[in-house]
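Colleague: Encoded as structure tokens, here's the structure I'll be asking about.
The values are calculated or read from the model by the stated rules, or taken from the named source; none is laboratory data. It should be emphasised that the depicted structure is a prediction, and the values quoted were computed from it without experimental measurement. Glycine gets a Cβ as well: all are built from the backbone with ideal geometry, and neighbour counts include every protein chain shown.
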Amino acid sequence: MKQLLLSAAVASALSLSSYGFADGPIDSTIYGKVNVSVVNQDSGSSDQWKLNSNASRLGVKGKTEIADGLYAVYKAEFEVCVDDGDCKGQTFTQRNIMGGIRGSFGTIWAGHHDTPTKLAQNKIDLFNDLEGDMKNTFEGENRVSNMVAYSSPEINGFAATVAMIPAEGADVDQDGQDDTGLADGMSYSVSYTMDNLYVALAGDQDVDKQDLVRLVAQYTIDDLQLGLMYQQNEDNLGTKDESGFFISAAYKIDKTTLKAQYGSIEDDVDGDKEETLSLGADYKLAKSTKLFLFYTDNTDSSVGSADVEDSAFGVGMEHKF
């Protein structure tokens, strides 16, 4: 029933947009992307080919002016699984969903959404949603529920977002007691953007049972884009205390973009280490369409045990609309 209602809502939105109603007092955009890849994945114990749908999505977003200079803003974004039509047993799964108020003071918003810490990494993850996605190696790539946030306007290149995450009775700080406050978990980011430079400081407190801080930088020199992240995180039980770095580089040659990235993080508690290496290239067929290929090697090293290595090679296509 939920799937039927969602399908009807999307169809209605598309119909209204085609008749031009979205150009009036309601300013909305239907958007999405299809990203599919054919991948050979070798985990040592198995070697198989797969067709993957890499966070393909459909969404609607926009704003409605409710007073002079004051807007209601909204987004409803859902993942669709192009490979087999099954997103964890459903046709659609929820991605970023939010609603809020925007004015000259900034934006006050709430919903189920990527944290400020996750958003602060900007575009340094060049293999996002693929096997080389930094979330497979680093903590902090969280999308959480019940988030209440404030995002400032950009002032002289500076911008900030702070989010409070009520636990609603869950024991997020792992102290053995239920947490019922408004700010049981918190996430923040402060960024500075000037010309081709982007720098951000971000962190989490009691988010996904972690305390975390990361520093991100991205710089573009002509056709070369460089990215860097340094991160420290520890869990609430003291069983994990990690620090590591992540670097990336992309270079454009006409319609082709060559890409590479490497990340490494080590646990000071037990000496375990995780590494990720990805190489690839994108070829632009049109403004909204590209072909891509990639190779990724993810390695987990545990003290006293053999390394666990997972490699993948894939080719795919992405079309945005």
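Colleague: Restricting the stretch 48-86 to residues that are β-branched (Val, Ile, Thr) and within 18 Å of the chain's Cα centre (by Cα), which is farthest from residue 314 (Cα to Cα)?
Modeller: Looking at residues that are β-branched (Val, Ile, Thr) and within 18 Å of the chain's Cα centre (by Cα), I get 60.
Colleague: Within the stretch 214-225, work out how many residues are closer than 30 Å to residue 166 by Cβ and crowded, with 18+ Cβ neighbours inside 10 Å.
Modeller: Residues in the stretch 214-225 being closer than 30 Å to residue 166 by Cβ and crowded, with 18+ Cβ neighbours inside 10 Å: 2 in total.
Colleague: Then there's this: Does residue 260 fit the bill of being under 20 Å from residue 246 (Cα atoms) and of a type in the set (A, V, I, L, M, F, W, C)?
Modeller: Yes: the conditions hold for residue 260.
Colleague: Name the pairs whose Cβ atoms lie under 9 Å apart, with the first residue in the stretch 170-199 and free of Cβ contacts under 8 Å to residues at least 12 places away in the same chain, the second in a strand (DSSP E or B) and among the polar types (S, T, N, Q), and 6 or more positions between them or separate chains?
Modeller: Short answer, once both residue conditions are applied: 195/220.
Colleague: Out of 141, 168, I need the residue that is at pLDDT 95 or above and either β-branched (Val, Ile, Thr) or in a loop (DSSP other than H, G, I, E, B) (or both). Which one?
Modeller: The match here is 141.
Colleague: Are any of the residues in the stretch 138-153 touching a strand residue (DSSP E or B) at 6+ places or on another chain (Cβ under 7 Å) and of a type in the set (Asp, Glu)?
Modeller: Yes, there is a match, as at least one residue in the stretch 138-153 is touching a strand residue (DSSP E or B) at 6+ places or on another chain (Cβ under 7 Å) and of a type in the set (Asp, Glu).
Colleague: I've got another one for you. If you check 115, 64, which single one turns out to be out of contact with any helix residue (DSSP H, G or I) (no Cβ under 7 Å at 6 or more places or on another chain), surrounded by 19 or more Cβ atoms within 10 Å (Cβ to Cβ) and in contact (Cβ under 8 Å) with a residue 12 or more places away in the chain?
Modeller: Matching residue, one of 115, 64: 115.
Colleague: Can you pull out the residues in the stretch 100-129 that are part of a loop (DSSP other than H, G, I, E, B) and among the polar types (S, T, N, Q)?
Modeller: Within the stretch 100-129, 104, 115, 121, 122, 128 qualify.
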